[in-house]
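**Student:** Pasting a structure below so you can have a look.
The values are calculated or read from the model by the stated rules, or taken from the named source; none is laboratory data. Quick caveat: nothing in here was measured; it's all calculated off a predicted structure. Quick reminder, even Gly has a Cβ in these numbers, built from the backbone with ideal geometry, and neighbours come from all protein chains shown. We work out accessible area using only protein heavy atoms, side chains counted, and drop any ligands, DNA or RNA first. Shrake-Rupley method; radii C 1.70, N 1.55, O 1.52, S 1.80 Å.
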Amino acid sequence: MSDCIFCKIINGELPSTTVYEDNEVKAFLDISQGTPGHTLVVPKKHVADIFEYDAQFAAAVFSRIPKIARAIKKSDPAIKGMNIVNNNGAIAYQSVFHSHIHIVPRYTTNDDFKMIFKDNSANYTPDDLQEIATRIKNSMEE
Ligand code: 5GP
Ligand code: ZN
């Protein structure tokens, strides 16, 4: 993809601060540094989002995450936890449409990363949940 910023980083046309690289992925510091050490793990092959992954590609990309995450954690004793986030689609906050996984080190409860899971459980009966689950099951690939 000639106009893709992450393809340009991967092929060396644009600089990045790389922390890990192999045949499948390149991991480099996110320019925003949401928290210190915020890293992007980016597949070398251009795919837009998770919906374009098959099982083999997912295995290749996601298998790199634990060792990169452990290295980031080990790099700074102030890191107490980590959020691993993959945004898919503009509605889900994706802004670069070359798939990537954010590794966001967490330091304190009031550091600069926030994620809110609203509790809507009171609005759902067991039947409502079953109906949603059935629709998902019926949509599952082999
Ligand atoms: P998204 O919003 O698509 O999940 O995440 C895209 C991320 O890419 C953002 O966190 C943004 O800071 C980062 N980003 C955008 N352009 C560049 C760049 O040129 N270099 C680096 N290292 N990160 C970038
Ligand atoms: Zn790309």
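**Student:** Can you tell me which residues in the stretch 60-113 are touching a residue at least 60 places away in the same chain (Cβ under 8 Å), of a type outside the set (A, V, I, L, M), more than 22 Å from Lys8 (Cα to Cα) and not in a loop (DSSP other than H, G, I, E, B)?
**Tutor:** Across the stretch 60-113, the qualifying residues are Pro105, Arg106.
**Student:** Which ones in the stretch 1-32 are in contact (Cβ under 8 Å) with a residue 24 or more places away in the chain and within 11 Å of ligand 2 (Cβ to nearest atom)?
**Tutor:** Once the filter is applied, which keeps residues that are in contact (Cβ under 8 Å) with a residue 24 or more places away in the chain and within 11 Å of ligand 2 (Cβ to nearest atom), the stretch 1-32 yields Met1, Cys4, Ile5, Phe6, Cys7, Ile9, Ile10.
**Student:** Open to solvent by 30 Å² or more (accessible area, probe 1.4 Å) and without any contact (Cβ under 8 Å) to a residue 12 or more places away in the chain: is that true of Tyr124 in this structure?
**Tutor:** It is true that Tyr124 is open to solvent by 30 Å² or more (accessible area, probe 1.4 Å) and without any contact (Cβ under 8 Å) to a residue 12 or more places away in the chain.
**Student:** Which condition from (1) closer than 24 Å to Phe113 by Cα; (2) more than 10 Å from ligand 1 (Cβ to nearest atom); (3) open to solvent by 80 Å² or more (accessible area, probe 1.4 Å) is the one that Glu13 breaks?
**Tutor:** (1)
**Student:** Give the stretch 16-46 a look and list any residue that's farther than 15 Å from Asn83 by Cα and away from ligand 1 (no atom under 13 Å from the Cβ), or say none.
**Tutor:** Tyr20, Glu21, Asp22, Asn23, Glu24, Val25, Pro43, Lys44, Lys45, His46
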